[in-house]
Amino acid sequence: MKHNKLKPELPKRALVTGASTGIGLAVAQGLHKSGYTVDGIARGKPAQVSDWLTMHQIDLSKINTLPDKLRALSLDHSVLVLNAGYGRFGGLEQFSYSQIQHLLDTNLTSNVFLIKHFLPHLKRAGGGDVVIIGSESALQGGPAGAVYCASKFALRGLAQSLRADCAGNNIRVMLINPGPVATEFFAETSFEPKSGEVYSLTAEQVAESVLHAIQQPRNVVIEEINLQPMHRSFQKK
Ligand SMILES: NC(=O)c1ccc[n+]([C@@H]2O[C@H](COP(=O)([O-])OP(=O)(O)OC[C@H]3O[C@@H](n4cnc5c(N)ncnc54)[C@H](OP(=O)(O)O)[C@@H]3O)[C@@H](O)[C@H]2O)c1
């Protein structure tokens, strides 16, 4: 049986948001090693400058400027990895309105804008992959997570709907939901996973899931991957 294939002339080129650190940088490295040309988006740059990674310094929370900024980017990506985001935790009434807006714009709305921007080009090119980094917080709400979980649950709905809308265009939409990952994510939080590899995943392990999903034959869609460290235990800082 003949399956849809990415057109051979389609460039092996990926765009990764949040590629300056953590999961995004690990995904960018993994894609590079797999032969992709990689563009990254973040406000900053990786600590170690890498000539294989073209960084575009864009603040994704500045939603109103995004359409213009995105227009300046190349369009010939066949893989989008939408990973940029951050965690802010606490009771809802402890958030200011602008903090709520900032978190939702960064974690959710920017991704909706990015997909809207790139989708017509993926369709014209004959297909592609959209991989969204969700979270365990896309699956289960919990204490002090109201705004963060709202952003991640919404990404799951976005992924499910787009998957249905885009399958006819040979576009796969995949969601990766990690539990705690040892990254800068916990730099500003009041808690962190206990130290030790049984309590947190590494960014590289999450990146392997992303690579696994996009390396499947074109007729296989790994809709979601949920991954957790062996044990869950957090400590206050
Ligand atoms: N670590 C965890 O335990 C965990 C668990 C589940 C899901 N996640 C999700 O994984 C994703 C990556 O997080 P991480 O753990 O790798 O944390 P990280 O090391 O802090 O990386 C976050 C990335 O997002 C970028 N970013 C944040 N705000 C941005 C903005 N306004 N504009 C552009 N880029 C922005 C950061 O770049 P700049 O600061 O340079 O802009 C950085 O590259 C996030 O969506 C997070 O919700 C993390």
Condition set closer than 22 Å to Val16 by Cβ and open to solvent by 40 Å² or more (accessible area, probe 1.4 Å), scope segment 95-108, selection farthest from the chain's Cα centre (by Cα): answer is His102
Criterion: farther than 25 Å from Arg172 by Cα, of a type outside the set (Val, Ile, Thr) and surrounded by fewer than 19 Cβ atoms within 10 Å (Cβ to Cβ) - qualifying residue of Leu92, Leu139: Leu92
From the residues in segment 59-90 that are within 18 Å of Ala207 (Cβ to Cβ) and not in a loop (DSSP other than H, G, I, E, B), which one is farthest from the ligand (Cβ to nearest atom)? Val79
Selection count where residues are assigned to a loop (DSSP other than H, G, I, E, B) and within 17 Å of Ala203 (Cα to Cα), scope segment 216-230: 3
Residue count, segment 6-55 (criterion: over 22 Å from Ala187 (Cα atoms) and among the small types (Gly, Ala, Ser)): 5
Out of all the residues in segment 124-134, is one or more open to solvent by 10 Å² or more (accessible area, probe 1.4 Å), touching a residue at least 12 places away in the same chain (Cβ under 8 Å) and farther than 24 Å from Ile58 by Cα? yes
Scanning for something touching a residue at least 60 places away in the same chain (Cβ under 8 Å), within 26 Å of Leu15 (Cβ to Cβ) and touching a helix residue (DSSP H, G or I) at 6+ places or on another chain (Cβ under 6 Å), does segment 182-197 turn up at least one residue? yes
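Take the residues in segment 12-26 that are out of contact with any helix residue (DSSP H, G or I) (no Cβ under 6 Å at 6 or more places or on another chain) and assigned to a loop (DSSP other than H, G, I, E, B); name whichever of them is farthest from Ile100 (Cα to Cα).
It comes out as Lys12.
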Anything in segment 136-172 that is among the small types (Gly, Ala, Ser), out of contact with any strand residue (DSSP E or B) (no Cβ under 6 Å at 6 or more places or on another chain) and either touching a residue at least 40 places away in the same chain (Cβ under 8 Å) or assigned to a helix (DSSP H, G or I) (or both)? List them, or say none. Ser137, Ala144, Gly145, Ala146, Ala150, Ser151, Ala154, Gly157, Ser161, Ala164, Ala167, Gly168
Is there a residue in segment 192-213 that is within 22 Å of Lys116 (Cα to Cα), over 15 Å from the mean Cα position of the chain (by Cα) and of a type outside the set (Phe, Trp, Tyr)? no
Gln205: passes all of (1) touching a residue at least 60 places away in the same chain (Cβ under 8 Å); (2) polar (S, T, N, Q); (3) surrounded by fewer than 18 Cβ atoms within 10 Å (Cβ to Cβ) but (1)
Search segment 27-45 for residues that are assigned to a helix (DSSP H, G or I) and pair each with any residue that is more than 16 Å from the ligand (Cβ to nearest atom) when their beta-carbon atoms are under 8 Å apart and the residues are at least 6 apart or on different chains. Leu31/Val79; His32/Trp52
Among the candidates Leu211, Leu139, single out the residue that is within 15 Å of the ligand (Cβ to nearest atom) and among the hydrophobic types (A, V, I, L, M, F, W, C). Leu139
Among the residues in segment 75-85, are any more than 27 Å from Ala146 (Cβ to Cβ) and open to solvent by 20 Å² or more (accessible area, probe 1.4 Å)? yes
For residues that are open to solvent by 40 Å² or more (accessible area, probe 1.4 Å), within 22 Å of Gly91 (Cα to Cα) and in contact with a Phe, Trp or Tyr (Cβ under 8 Å, 6 or more places away or on another chain), scanning just segment 160-195, find the one that is farthest from the ligand (Cβ to nearest atom). Ser190
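The values are calculated or read from the model by the stated rules, or taken from the named source; none is laboratory data. Because the structure is a prediction, the values reported are computed rather than measured. Neighbour counts run over all protein chains shown; Cβ positions are idealised from the backbone, glycine included. Just so you know, the surface numbers come from the protein's heavy atoms only, side chains and all, with ligands and any DNA or RNA stripped out. Shrake-Rupley method; radii C 1.70, N 1.55, O 1.52, S 1.80 Å.
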